[in-house]
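Participant: Mind having a look at this structure? Questions to follow.
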Amino acid sequence: MARLSARARPDREHVLRPARQLCPGCGGHMRLRYENRRTLVLLTGAVRLRLQIRRCEREGCSRYHVAYRPEAEGAIALPQHEFGLDVIALVGVLRHREHRSVPEIHAILRPCANAGWRSPNAA
């Protein structure tokens with residue numbers, strides 16, 4: 001289903017940097033070349049990620065001008081997805097272990113988007 005209104009702007013921002021500074025192909029120094037911005041929806045709310053991208057500048061290298069992205073990005077979300085892995089895991093648990101319907105899952109997730117995650121079974 002298409003979104004009917006624009007998503008609220010995230011109130012938090014995290015900067016992710018690649019841990020590796022040396023090129024895996026030639027061993028030379030990779031420079032920070034540009035930043036990508038990405039907005040994710042997590043159980044704790046929306047967050048804006050600033051990803052610093054490194055590239056090898058040696059022309060003979062097998063990884064010449066190949067982007068090297070931060071490793072931590074893969075622990076937060078899948079590539080080209082809008083929701084974090086925590087949201088995907090929760091939906092999987094609700095759908096397959098607890099056998100909830102899609103409208104029930106949507107009803108559980110709607111308050112999470114506004115105020116962060118609270119257990120659906122909490123009193």
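Participant: For the chain, what does -39500 (n - 2.57) per DSSP helix run (n ≥ 4), summed and divided by total residues, give at 222 nm, in deg cm²/dmol to the nearest 500? Could you put the intermediate results ahead of the total?
Facilitator: Details: 3 runs with 26 residues, N = 123.
Calculated mean residue ellipticity at 222 nm is -6000 deg cm²/dmol.
Participant: Shifting gears a bit: Which cross-chain or sequence-distant (5 or more) residues have an amide H under 5 Å from the amide H of F83, H modelled 1.01 Å from N in plane?
Facilitator: Correct list: V41.
Participant: Provide Rg over Rh for the stretch 42-115; use the alpha carbon set for both Rg and the Kirkwood Rh (inverse mean inverse pair distance). Each step should come with its number before you reach the end.
Facilitator: Working: Rg = 17.9 Å, Rh = 15.0 Å.
We get a ratio of 1.19 for the stretch 42-115.
Participant: On to the next question. Want the number for R33 to S5: 0.36 nm per residue separation, take away the alpha-carbon distance, what's left? If you can, show how the numbers build up before the last one.
Facilitator: Numbers: separation 28, 0.36 × 28 = 10.08 nm, distance 3.44 nm.
Working it through step by step, the gained length comes to 6.6 nm.
Participant: Turning to a different aspect of this structure: For the stretch 10-118, what % of the accessible area comes from carbon and sulfur atoms, probe 1.4 Å? List each step's numbers first, then the result.
Facilitator: Details: 3580 of 6940 Å².
The value for the stretch 10-118 is 52 percent carbon and sulfur by accessible area.
Participant: Considering every Cα-Cα pair within the stretch 1-79, what fraction, in whole percent, is farther apart than 14 Å? Display every interim value, and only then the final one.
Facilitator: Details: 2009 of 3081 pairs.
In whole percent, the long-distance tail amounts to 65.
Participant: If Lys and Arg each add +1 and Asp and Glu each add -1, what is the summed charge of the other residues whose beta carbon sits under 15 Å from the beta carbon of E73? Please report the intermediate quantities before stating the final value.
Facilitator: Values: positive: R17, R20, R37, R38, R48, R50, R54, R69; negative: E13, E35, E71, E82, D86.
Taking every Cβ under 15 Å from that of E73, the sum is +3.
Participant: Karplus couplings for the stretch 59-72 from phi (6.51 cos²θ - 1.76 cosθ + 1.60, θ = phi - 60°), rounded to Hz, Gly and Pro as x?
Facilitator: Karplus-based 3J(HN,Hα) across the stretch 59-72 equals 5, x, 6, 5, 10, 4, 6, 8, 5, 10, 8, x, 5, 5 Hz.
The values are calculated or read from the model by the stated rules, or taken from the named source; none is laboratory data. Quantities reported herein were computed from a predicted structural model and do not represent experimental measurements. Note that we place each Cβ from the backbone using ideal geometry, even for glycine, and neighbour counts take in every protein chain shown. In case anyone asks, the SASA skips ligands and DNA or RNA and just uses the protein heavy atoms, side chains included. Shrake-Rupley method; radii C 1.70, N 1.55, O 1.52, S 1.80 Å.
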